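The values are calculated or read from the model by the stated rules, or taken from the named source; none is laboratory data. Treat the numbers as computed from the prediction; the structure is a model and nothing was measured. So basically every Cβ, Gly included, is an ideal-geometry build from the backbone, and we count neighbours across all protein chains shown.
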């Protein structure tokens, strides 16, 4: 069976989509290859996204946010939006790839103590790992 390609979209491409890209590429290597992009990319990947991924042995410190234009011509089998803004701005992807929305809270908007904010990043990371990988494994 050929390796399938998935594009993970969100607004800033700094937290959720970056974590999802890395999780897919780590956990589903050989079955799926992921790329990510944002409708309005941030300047850098969020440091706490880097930190919580490092906690589980996945290094994303060299990843950079990308625009949709950077991946527009790449062939994808599926497009997954992980935030409501990206779902609204990209309801259909050019070409034949179907689009599905699997939304997650934005951990960058978390408030509280540093420990509470880090816990929110971990929670979202773990939700992405469970939900997106389950979808790609069983439903896509």
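Results, tabulated for the structure shown:
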quantity: Test: residue in region 79-86 that is over 23 Å from residue 119 (Cα atoms), surrounded by fewer than 16 Cβ atoms within 10 Å (Cβ to Cβ) and modelled with pLDDT under 95; calculated: no
quantity: Yes/no for residue 68 being free of Cβ contacts under 8 Å to residues at least 60 places away in the same chain, surrounded by fewer than 21 Cβ atoms within 10 Å (Cβ to Cβ) and farther than 15 Å from residue 102 by Cβ; calculated: yes
quantity: Top-ranked residue in region 11-40 [being in a loop (DSSP other than H, G, I, E, B) and more than 12 Å from the chain's Cα centre (by Cα); ranked as surrounded by the fewest Cβ atoms within 10 Å (Cβ to Cβ)]; calculated: 30
quantity: Residue match in region 88-96 (condition: surrounded by 14 or more Cβ atoms within 10 Å (Cβ to Cβ), within 30 Å of residue 115 (Cα to Cα) and modelled with pLDDT under 95); calculated: no
quantity: Single condition residue 2 does not satisfy, out of (1) farther than 20 Å from residue 101 by Cβ; (2) modelled with pLDDT of 95 or more; calculated: (2)
quantity: Some residue of region 121-136 being in contact with a strand residue (DSSP E or B) (Cβ under 8 Å, 6 or more places away or on another chain), modelled with pLDDT of 90 or more and buried (at least 16 other Cβ atoms within 10 Å of the Cβ); calculated: yes
quantity: Region 41-54, residues that are part of a helix (DSSP H, G or I) and either under 15 Å from the mean Cα position of the chain (by Cα) or surrounded by fewer than 12 Cβ atoms within 10 Å (Cβ to Cβ) (or both); calculated: 47, 48, 49, 50, 52, 53
quantity: The one condition in (1) buried (at least 23 other Cβ atoms within 10 Å of the Cβ); (2) part of a helix (DSSP H, G or I) that residue 7 fails to fulfil; calculated: (2)
